[in-house]
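Right, one structure below, let's go through it.
The values are calculated or read from the model by the stated rules, or taken from the named source; none is laboratory data. Computed from a predicted model, the values in this text were never measured in an experiment. Methodologically, a virtual Cβ is constructed for each residue, glycine included, from the backbone with ideal geometry; neighbour enumeration extends over all protein chains shown.
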Amino acid sequence: PAILVLHGPNLNLLGQREPGIYGADTLDSINKRLSTQAEQAGVSLDALQSNHEGALVDRIHQAGADGTRFVIINPAAYTHTSVALRDALLAVNIPFIEVHLSNVHAREPFRQHSYLSDKAVGVISGLGALGYELALAYALRDLRIAH
Ligand code: DQA
């Protein structure tokens, strides 16, 4: 796929997980909207959620070989812990946008550091599920300009 959307740990519980912070949308409904948005632009999109750091690393490596042009990633808690995800994204050299549903800067101090942000094209945090759609709009525009 041209665009890969990655969701980190616990995001499979969206809709029931702390809805006051993360909203009422399920991951499935978010992914469906993104698929429709990409389809309308004639661009292929794949989405993966995993609770396992290594599975996300493996999928990023695969992206480096399968022609993926842009990654949209909500690394969830791995944002604040994972040198491995940072290194994987740098290894495949695919541009990426970091998305968070909540405003991580308005929460606990440990959420304010990201291992990815300084390497991201951009970071969207606090706009809920809309953040993914805005990130995708950017990626689609970027791909259009690039070819
Ligand atoms: C999150 C923010 C992270 O701090 C947290 O660990 C998550 C979700 C967000 O989307 O707001 O699991 O990435």
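Overview of results
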{"read-out": "Some residue of region 3-11 being of a type in the set (A, V, I, L, M), more than 17 Å from Glu133 (Cβ to Cβ), under 15 Å from the mean Cα position of the chain (by Cα) and surrounded by 13 or more Cβ atoms within 10 Å (Cβ to Cβ)", "value": "no"}
{"read-out": "Subset of region 22-55 [charged (D, E, K, R), away from the ligand (no atom under 14 Å from the Cβ) and outside any strand (DSSP E or B)]", "value": "Asp28, Lys32, Arg33, Glu39"}
{"read-out": "Among the residues listed as Ile21, Ile3, the single one being of a type in the set (A, V, I, L, M) and under 20 Å from Leu85 (Cβ atoms)", "value": "Ile3"}
{"read-out": "Residue, surrounded by the most Cβ atoms within 10 Å (Cβ to Cβ), within region 84-107, restricted to residues that are among the aliphatic types (A, V, I, L, M) and under 11 Å from Val57 (Cβ atoms)", "value": "Leu89"}
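Here's the yes/no breakdown for (1) farther than 16 Å from His7 by Cα; (2) at pLDDT 95 or above; (3) small (Gly, Ala, Ser); (4) in contact with a helix residue (DSSP H, G or I) (Cβ under 6 Å, 6 or more places away or on another chain):
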| position | (1), (2), (3), (4) |
| --- | --- |
| Asn93 | yes, yes, no, no |
| His100 | no, yes, no, no |
| Asn103 | yes, yes, no, no |
| Pro109 | yes, yes, no, no |
| Ser114 | no, yes, yes, yes |
| Gly131 | no, yes, yes, no |
| Ala137 | yes, yes, yes, no |
